[in-house]
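Trainee: The structure is given below, and queries will be raised subsequently.
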Amino acid sequence: MTTTPDLPRERWSARARRHPSAFLLAAQLLSLLLFPVLDGHEGRVVFGGFSVLVLVLAVWVVNRTPSVNWIAWLLAAPACVLSLLSVLFDSQTLLVWSSAFEAAVYFYAAVSLIVYMMSDHRVTTDELLAAGATFTLLAWGFAYLFVVCQHWYPDSFAGAVMPERPRTWLELLFFSFTNLSATGLGDIVPLSPAARVLTMFEQLAGVGYVAVVVSRLIGLSILRASKR
């Protein structure tokens, strides 16, 4: 007796294998939509679980690149455990350590995707999606570093609203996006030397990413179109 293959499932699986970066980018963007409604301890529980999912997707994307996969898992495992424990026990110390490991995972995944995009002279759909996913990985990675910096060096950041209080996660992520994209709205300002050094490193990373990686993908896309 023959069975009819599940074509929708096979197509979905094939797309997942061809475009793993799309799932990571979609998860990152979806988490942005969840931030405004995830407030309070219950929201932190939901977001903690969602963060673990994003970390797993980041490791999966690394697995699709030439990078060493066990390094990603070595960083992601403690990040997942510490992230969940920080939510369950509402511990700021555990949150800071989980942020440090999550930053390492995101940076490693971003570097892996950059190596993947620079490894050949043709542009695929997945590489274009990887360009967007890499930008979000860098923004998240620096945002987690800002969380660590704010904990180790109090009063590292001031804001236009209630400048004396510590900045929230969403504020630091917003600052990271504006800094990485060179938008520089200026409503959040780094004050401590450590915060300013991290800010300068992110500015350098943003300019370098656009100048080297994005411009290369655009140039190869134009070259491919001209050959047609």
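Trainee: With an 8 Å cut-off on Cα pairs and a minimum separation of 6 or more residues, tell me the relative contact order of the stretch 87-159 in percent.
Mentor: Working: 49 pairs, mean separation 30.8, N = 73.
Reported as a whole number, the value is 42 percent.
Trainee: If each residue of separation counts as 0.36 nm, what is the full-extension length gain between R224 and L30 once their alpha-carbon separation is subtracted?
Mentor: On the way: separation 194, 0.36 × 194 = 69.84 nm, distance 3.19 nm.
This chain segment gains 66.6 nm when fully extended.
Trainee: Can you give me the long-range amide H partners of A158? Hydrogens built in the peptide plane at 1.01 Å from N, cutoff under 5 Å, separation of 5 or more residues or another chain.
Mentor: HN-HN under 5 Å from A158: V189, L191.
Trainee: Pop the C-beta distance of A77 and R196 into the FRET formula with R0 = 25 Å and round what comes out to the nearest 0.05.
Mentor: Details: r = 32 Å, r/R0 = 1.30.
Plugging the Cβ-Cβ distance into 1/(1 + (r/R0)^6) gives 0.15.
Trainee: Any chance you could check the Cα centroid distance between the stretch 67-129 and the stretch 167-212 for me, in angstrom?
Mentor: That distance is 19 Å.
Trainee: Another question, if that's okay. Which residues does a label at W70 reach in the stretch 90-134, if reach means a backbone N under 17 Å from a point 7 Å past the Cα toward the Cβ?
Mentor: The answer is none.
Trainee: Can you tell me how much longer the chain between A160 and L53 gets when fully stretched, taken as 0.36 nm per residue apart minus their C-alpha distance, in nm with one decimal? Don't skip to the end; give the middle numbers.
Mentor: Details: separation 107, 0.36 × 107 = 38.52 nm, distance 3.29 nm.
Full extension of this stretch gives 35.2 nm more.
No lab work stands behind these numbers, since they all come straight from the coordinates. Note that this is a predicted model, so its numbers are computed, not measured. Virtual Cβ from ideal backbone geometry, glycine too; neighbours counted across all protein chains shown.
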